[in-house]
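Below is one structure, written out as structure tokens; the observations come after it.
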Amino acid sequence: MEHIFDVKTATDLSSSTETRVSSPSRQAYQILHLAFTVAPILAGLDKFFNLLANWEQYLPSFVNRLTGGHGHELMLAVGVIEIVAGLGVWFKPKIFAYVVSIWLLLIVVNLLMIPGYFDVALRDFGLSLGALALARLSRDFDR
């Protein structure tokens, strides 16, 4: 009589687990997970110190007017959001990778409103796609 069920041996299971852990897709997940944890946290922290950039230059002038000239305070709030998003990606990438992807798309829209930053908008669009890839990979690899 034929066996109805495919029975895997302990060796088969061990080999399958090793392949899954060292697979290129697992490694891609790990790289993206680290990158989209660290980058938002560092960018968020830098909103308070302006060591990497003068972040207020990325605000369209009308946004500064809408905030009553409080563009600096707005960027501080943005920094807090980015720190929270980075921590969220670390702990819950299945959810927060989508948040970071959408956040980056909002940054792209913002940058398209400022002449001279189209190259940065293109870069951030690529980053948004990377965050989306992390969200998709996290379905298989999130602990």
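Which whole number in µm²/s is D for the chain by Stokes-Einstein, with the Kirkwood Rh taken over Cα pairs at 10 °C and 1.306 mPa s? Taking Rh from Cα pairs, D becomes 92 µm²/s. When Lys and Arg each count +1 and Asp and Glu each count -1, what net charge do the other residues less than 14 Å away from residue 129, Cβ to Cβ, add up to? Neighbour charge sum, excluding residue 129 itself: +1. All other residues whose Cβ lies under 12 angstrom from that of residue 78 are scored, Lys and Arg at +1 and Asp and Glu at -1, for a net of -3. Just to be sure I understand the model, the point goes 7 Å from the Cα along the line to the Cβ. What's the resulting residue 57 to residue 23 distance in nm? So the two model labels end up 4.4 nm from each other.
Alpha carbon centre of segment 72-143 versus segment 32-47: separation in Å? If you average the Cα positions of each part, the centres end up 9 Å apart. The simple Förster model, with R0 at 22 Å and r as the Cβ-Cβ distance, assigns residue 34 and residue 125 a FRET efficiency of 0.55. Residue ranges 87-95, 54-62 sort as 87-95, 54-62 when ordered by packing (mean number of other C-beta atoms within 10 Å per residue, highest first).
Placing +1 on the Cβ of every Lys and Arg and -1 on the Cβ of every Asp and Glu, with nothing else charged, gives segment 76-143 a dipole about its Cα centre of roughly 260 debye.
Net charge around residue 103, counting only other residues with Cβ within less than 13 Å of its Cβ (Lys, Arg = +1; Asp, Glu = -1)? That works out to -2.
Mean residue ellipticity, 222 nm, helices only, the chain: the sum of -39500 (n - 2.57) across DSSP H runs of n ≥ 4, divided by residue count and rounded to 500, is -26000 deg cm²/dmol. Given their separation in residues at 0.36 nm each and the Cα-Cα distance between them, residue 90 and residue 67 gain 5.1 nm when the chain is fully extended. One chain, two ends: residue 77 and residue 49. Fully extended at 0.36 nm per residue, the span grows by 8.8 nm beyond their Cα-Cα distance. Only the Cβ atoms of Lys and Arg (+1) and of Asp and Glu (-1) were treated as charged; on that basis the dipole of the chain about its Cα centre amounts to roughly 140 debye.
Taken together, the values in this text are just the output of simple stated rules run on the coordinates, not laboratory data. Everything numeric here is computed off the predicted structure, so don't read it as measured data. With ideal geometry, Cβ positions are generated from the backbone for all residues, glycine too; neighbour counts draw on all protein chains shown.
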